[in-house]
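Quick notes on the structure that follows.
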Amino acid sequence: MLDTHHHLWTYSTDEYPWIPAGTPLAQDQLLPELEEATSAAGVTGTVAVQARQIVEESSALLEIADQGDLIRGVVGWVPLISGTVEQDLEQFSAHPKFVGVRHVLQDEEDEYFLRDDFHRGLSKLPAHDLRYDLLLFQRQIPVAIQLVDRQPELGMIIDHIAKPEARSGRVEQDWRKGMRELAKRENVLGVKFSGLATEFPDDDDIAPDTIRAYFEETLEIFGPHRVMFGTDWPVCLLRLESYRQWSDAIIDLTSSLSSDEKNLILRKNGETAYQLKS
């Protein structure tokens, strides 16, 4: 199994003000913790994704990835709106494990999605053979479609199935409509089935039937060649007891599929989308 989405950090309140105090997130979550969690779940490879918007984050993740074979790819951050972003791209893309870039668009106003300087930076990624992770909320799907259409040469991967407004017992119609539109774009290489547990309101139970409904809808919309497994660990621990709880849930969700389809979702699609080296 390949976990296409997790984070790592050396915790401090200054660096991670969004992390709730007293939660499992409010502590160091580094390679030893990742190795323990993935080993228990039978996960043999991962893609580490940025959690801070500083270039030092990209360097730190690559240094950790170099300590072993578990982390096969890093999706980092570079200042895409900077006029000198090419220098950062030259530096990081030289590393074989640097496979993509992400900006936390979910925290930006809609106008940011269409900024010319942002798109100038995005347009430089294909020349460096890099992917772009698209992080957004359900309400941002319409403007995200415009972003995708402006960068037809850039391979993109949707994080956390675009963070639907999850409620027990139903699949959001606006989410379904928007995802169907995104799926029509050939440069949308895949979608990560991850992060859903933390999209349920705090006062709402995480309903297994709703998780299954979103999985089946995602699979129907994107097909088995574009859905990929991810955990969003350790953020998922805000609502789940363990890394393995989510990985076991995905194994169960894919249990009725063919062996080839399971292999695609649990490993191969992530390897293909991120062009991971063996």
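Being touching a residue at least 24 places away in the same chain (Cβ under 8 Å) and outside any helix (DSSP H, G or I) is a description that applies to H95.
For the stretch 20-35, a residue qualifies if it is part of a loop (DSSP other than H, G, I, E, B) and either among the basic types (K, R) or within 21 Å of M1 (Cβ to Cβ) (or both), and exactly one does: L30.
Out of all the residues in the stretch 126-135, is one or more under 20 Å from the mean Cα position of the chain (by Cα), over 20 Å from G270 (Cα atoms) and not in a loop (DSSP other than H, G, I, E, B)? So far as the stretch 126-135 goes, no, none of its residues is under 20 Å from the mean Cα position of the chain (by Cα), over 20 Å from G270 (Cα atoms) and not in a loop (DSSP other than H, G, I, E, B). Taking into account only those residues within the stretch 45-66 that are closer than 17 Å to Q91 by Cα and among the hydroxyl-bearing types (S, T, Y), which is surrounded by the fewest Cβ atoms within 10 Å (Cβ to Cβ)? My answer is S59.
Among the residues of the stretch 24-32, are any within 20 Å of Y274 (Cβ to Cβ), over 18 Å from the mean Cα position of the chain (by Cα) and in contact (Cβ under 8 Å) with a residue 24 or more places away in the chain? Checked the stretch 24-32: at least one residue is within 20 Å of Y274 (Cβ to Cβ), over 18 Å from the mean Cα position of the chain (by Cα) and in contact (Cβ under 8 Å) with a residue 24 or more places away in the chain.
Quick test of your reading of the structure: S247 fulfils all but one of (1) free of Cβ contacts under 8 Å to residues at least 60 places away in the same chain; (2) buried (at least 21 other Cβ atoms within 10 Å of the Cβ); (3) over 14 Å from the mean Cα position of the chain (by Cα). Name the failing condition by number. Unmet condition: (1). Here T4, T38 are screened, and the one residue that is closer than 30 Å to T254 by Cβ, assigned to a helix (DSSP H, G or I) and not small (G, A, S) is T38. A residue that is in contact with a Leu (Cβ under 9 Å, 6 or more places away or on another chain) and of a type in the set (K, R) occurs somewhere in the stretch 215-238.
Condition check ((1) in contact with a helix residue (DSSP H, G or I) (Cβ under 6 Å, 6 or more places away or on another chain); (2) free of Cβ contacts under 8 Å to residues at least 40 places away in the same chain) across all residues:
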site	(1), (2)
G195	yes, no
E199	no, yes
E216	no, yes
R226	no, no
D232	no, no
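Every listed requirement among (1) in contact (Cβ under 8 Å) with a residue 12 or more places away in the chain; (2) buried (at least 19 other Cβ atoms within 10 Å of the Cβ) is met by I19 save one, (1).
Every read-out reported here was derived from the displayed coordinates using simple, explicitly stated rules and does not represent laboratory data. These numbers were taken from a predicted model, which means no experiment stands behind them. Don't worry about glycine lacking a Cβ; one is built from the backbone with ideal geometry, like all the others, and counts go over all protein chains shown.
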